[in-house]
Amino acid sequence: MKLKRLLLRYYPPGIILEYVQGGELKTKSIDLLDLSPGTDVGALVEEIRKAEPLITASRKEQVIHLILRLQEKLGQQEDHKFYLFKVLRAHILPLTNVAFNKSGSCFITGSYDRTCKIWDTASGEELRTLEGHRNVVYAIAFNNPYGDKIATGSFDKTCKLWSAETGKCYHTFRGHTAEIVCLSFNLQSTLIATGSMDTTAKLWDIQNGEEVVMLTGHSAEIIALSFNTTGDRIITGSFDHTVVVWDVGTGRKLHTLIGHRAEISSAQFNWDCSLIVTGSMDKTCMLWNAVTGTRVATLTGHDDEVLDVCFDYTGQRIATSSADGSARVYNAETKKCIAKLEGHGGEISKICFNPQGSRILTASSDKTARLWDPHTGQCIQILEGHTDEIFSSAFNYKGDIIITDCNIKNYCTEVTSSHCYNPVMIVVLCRRVIQSLYSLYFLK
């Protein structure tokens, strides 16, 4: 093996090694999840050298330099406020989802109007419309960290793979017999997983467009799925109250996580693939050992359905949001609630940490999103501007741009009738990082 170069990864902190083995270019990562501004860099580098033969004496100074840059980034204060930057009216029918590419330079929206649109974040201009689905485009994703491909899953029972640059459709994946409601790329960007109301999930090869394996065993709809970071495991969450852990290479069922008493709402691996967190309509969140499939803890405290769950990048903290209008932060090691986020006047449908792990973003039916300090539970900022419930929100990779979206609608039973809905509103909020655009906005 020959080391070609070292790359820096800020969130979560780590160093990527690019090397040649057998004439093939490969990568591996050194995760530094416990790195802090007070870490002894010299001692850490010696530990890395002992564990990783690719890091030779000649590379020592370069590794020290990279870790010092990571420490500097971790030590930066997160006291900035977000400012309203743009309000976009995106589709003629309601949105279903929104997602950033890694850099945050563009984002995508899915809609009941059967399209997915690509937007330039800085200008707010529509770059492309991805057309071809014959029903609602419900699930969307970039293949981050690369960001050069987009996947869309539809109620027309198909998934499509697109070029993010040109809008060209590479493949249409057919095989599901009911609506596709969730999808995900693996981190290596070689596979797409789709989950369907037909109770199955499927893995698809991005290069040739072929079905790799079908995951069967659930007795009800699959509404959540997630790859682990190494790409060898995937979890599926279902309305049958269970989560299943699968081997990606063989499609074999490894564990069935049984314990919830109602439908699963969300499921996720932590970064180092050791834990799984699940949220359920039974008002609880459960923590599981990802290797053995055993339940580690049941995290209680909510008075209504748990609608969303997530880890921070270290995997040491878990955030939950609920229909009871509150969110909670738990310590994954002690299993204790360390912060209660209270203040929303309606259910919280979406929760996420920023990439730095220093803030939590919540989206609520009370027409606001909020930023919170995960250590204290203090509300840092209320993001206002919507006139209807906010159902989704997201940070970009740097954590300096937020997108929130809602549907301004007059309720009706025929969702196919375009006159029943007003345009969808997307609010883009930025920090002072986009100085010129920020100034232009306020000069108006």
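The values are calculated or read from the model by the stated rules, or taken from the named source; none is laboratory data. Everything numeric in this text was worked out from a predicted model, so none of it was measured. Positions of Cβ are generated from backbone atoms using ideal geometry, with glycine treated the same way; all protein chains shown enter the neighbour counts.
Of everything in the stretch 135-171 that is of a type in the set (S, T, N, Q), more than 21 Å from the chain's Cα centre (by Cα) and surrounded by 15 or more Cβ atoms within 10 Å (Cβ to Cβ), the residue that is nearest to residue 97 (Cα to Cα) is 135. You will find that of 167, 195, the residue that is farther than 30 Å from residue 250 by Cβ and at pLDDT 95 or above is 167 and no other. Taking the criterion of being modelled with pLDDT under 90 and in a loop (DSSP other than H, G, I, E, B), would at least one residue in the stretch 55-75 satisfy it? The answer is yes; a qualifying residue exists.
Residue by residue, here is whether (1) surrounded by fewer than 17 Cβ atoms within 10 Å (Cβ to Cβ); (2) of a type in the set (A, V, I, L, M, F, W, C); (3) in a strand (DSSP E or B); (4) on the phi > 0 side of the Ramachandran plot holds:
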| residue | (1), (2), (3), (4) |
| --- | --- |
| 184 | no, no, yes, no |
| 189 | no, no, no, yes |
| 194 | no, no, yes, no |
| 208 | yes, no, no, no |
| 213 | no, yes, yes, no |
| 218 | no, no, no, no |
| 226 | no, no, yes, no |
| 231 | no, no, no, yes |
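Does any residue of the stretch 304-312 turn out to be of a type in the set (Val, Ile, Thr) and in a loop (DSSP other than H, G, I, E, B)? No; the residues of the stretch 304-312 include none that is of a type in the set (Val, Ile, Thr) and in a loop (DSSP other than H, G, I, E, B). Only residues that are of a type in the set (D, E, K, R) and modelled with pLDDT under 95 were counted in the stretch 170-187, giving 0.
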